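Here's the structure, in structure tokens; my notes come after.
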Amino acid sequence: MELELYGADEKFCCKLDQDDALLGSYPVDDGCRIHVIDHSGASLGEYEDVSKVEKYKISQEAYDQRQDSVRSFLKRSKLGRYNEEERAQQEAETTQRLTEEKAQASAILVGSRCEVRAPGQPPRRGTIMYVGLTDFKPGYWVGVRFDEPLGKNDGSVNGKRYFECQAKYGAFFKPSVVTVGDFPEEDYGLDEM
């Protein structure tokens, strides 16, 4: 390819043809443009459709036999999923967290009034509509119908309905941020307008 330098007035300045020269050694200034002339014969958009590019494929068994692969390095170094101690520790932590969430969730009854204090968000009040496991994320979740449209959904996530409410009135939270108690609906005075 060839590189040509054009000034801010679009007049040709010079060719950038010294491979060992730095860009600062040319008279480059604000508003200049570098024009590229491609002599490779490639047509525009030739490499845009990656489905036309032949890909190298190897079976899982053949890849496992290679000694110069990332997988063999991870196995030799006992990193990631090949570190049995770390995996066992992670599974134990997950089990403990799930047990704690289950204990917290068992104290929350559907139909109870609550206040949600999620980190970085103002406290919001509503009614518990769902408590349990979900398909969208692991662990125990509490579905809340807010008194005002401060939520994210209508009680359904990814097409699965967990409870009924108006759009933007529903949301799901971990049991640790939900406090059950006597939280009457707040009167914002919006009815008088």
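The values are calculated or read from the model by the stated rules, or taken from the named source; none is laboratory data. The structure displayed is predicted, hence computed values, not measured ones. As a convention, Cβ positions derive from the backbone with ideal geometry for all residues, glycine included, and neighbour counts pool all protein chains shown. Accessible surface areas use protein heavy atoms only, side chains included; no ligands, DNA or RNA. Shrake-Rupley method; radii C 1.70, N 1.55, O 1.52, S 1.80 Å.
Would you call residue 113 closer than 30 Å to residue 79 by Cα and among the charged types (D, E, K, R)? It would help to see each step written out before you state the result.
Working: closer than 30 Å to residue 79 by Cα: no; among the charged types (D, E, K, R): yes.
No.
Could you tell me which of the residues 127, 94 is closer than 30 Å to residue 172 by Cα, outside the structural domain of residue 155 (by the TED database) and of a type in the set (Ser, Thr, Tyr)? Step through it out loud before you land on a result.
Details: 127 fails: outside the structural domain of residue 155 (by the TED database).
Selected residue: 94, the only one of 127, 94 that is closer than 30 Å to residue 172 by Cα, outside the structural domain of residue 155 (by the TED database) and of a type in the set (Ser, Thr, Tyr).
Hey, residue 157 hits all of (1) of a type outside the set (Lys, Arg); (2) free of Cβ contacts under 8 Å to residues at least 24 places away in the same chain; (3) surrounded by fewer than 18 Cβ atoms within 10 Å (Cβ to Cβ) but one; which does it fall short on?
(3)
For residue 161, only one of the following conditions fails: (1) in contact with a strand residue (DSSP E or B) (Cβ under 9 Å, 6 or more places away or on another chain); (2) at pLDDT 95 or above. What is its number?
It fails just one condition, (1).
Would you pick out the residues in region 137-154 that are outside any strand (DSSP E or B) and basic (Lys, Arg)?
Taking region 137-154 first, the residues outside any strand (DSSP E or B) are 137-139, 147-152, 154.
Those that are outside any strand (DSSP E or B) and basic (Lys, Arg): 137, 152.
Whether any residue in region 128-136 is surrounded by fewer than 19 Cβ atoms within 10 Å (Cβ to Cβ), part of a loop (DSSP other than H, G, I, E, B), at negative phi and not aromatic (Phe, Trp, Tyr) is what I want to check.
yes
Could we say that residue 165 is crowded, with 19+ Cβ neighbours inside 10 Å, of a type outside the set (Ser, Thr, Tyr) and over 27 Å from the mean Cα position of the chain (by Cα) here? Can you show your working first?
Details: crowded, with 19+ Cβ neighbours inside 10 Å: yes; of a type outside the set (Ser, Thr, Tyr): yes; over 27 Å from the mean Cα position of the chain (by Cα): no.
No, not satisfied.
Hey, any hits in region 161-178 for a residue that's over 30 Å from residue 71 (Cβ atoms), part of a loop (DSSP other than H, G, I, E, B) and in contact with a helix residue (DSSP H, G or I) (Cβ under 9 Å, 6 or more places away or on another chain)? Show your work before the answer.
From region 161-178, those over 30 Å from residue 71 (Cβ atoms) are 161-178; that's our starting set.
If we keep only those that are part of a loop (DSSP other than H, G, I, E, B) too, we end up with 162-169, 174.
Subset that is in contact with a helix residue (DSSP H, G or I) (Cβ under 9 Å, 6 or more places away or on another chain): 174.
Checked region 161-178: at least one residue is over 30 Å from residue 71 (Cβ atoms), part of a loop (DSSP other than H, G, I, E, B) and in contact with a helix residue (DSSP H, G or I) (Cβ under 9 Å, 6 or more places away or on another chain).
Does region 128-147 contain at least one residue that is in contact (Cβ under 8 Å) with a residue 60 or more places away in the chain, touching a Ser or Thr at 6+ places or on another chain (Cβ under 7 Å) and within 21 Å of residue 103 (Cα to Cα)?
Of region 128-147, the ones in contact (Cβ under 8 Å) with a residue 60 or more places away in the chain are none.
Checking region 128-147: not a single residue is in contact (Cβ under 8 Å) with a residue 60 or more places away in the chain, touching a Ser or Thr at 6+ places or on another chain (Cβ under 7 Å) and within 21 Å of residue 103 (Cα to Cα).
Quick check on my filter: what residues within region 36-47 are open to solvent by less than 90 Å² (accessible area, probe 1.4 Å), more than 38 Å from the chain's Cα centre (by Cα) and in contact (Cβ under 8 Å) with a residue 24 or more places away in the chain?
Step one: of region 36-47, the residues open to solvent by less than 90 Å² (accessible area, probe 1.4 Å) are 36-38, 40-43, 45-46.
Filter once more, so that each one left must be more than 38 Å from the chain's Cα centre (by Cα): 37-38, 40-41.
Result: 37, 38, 40.
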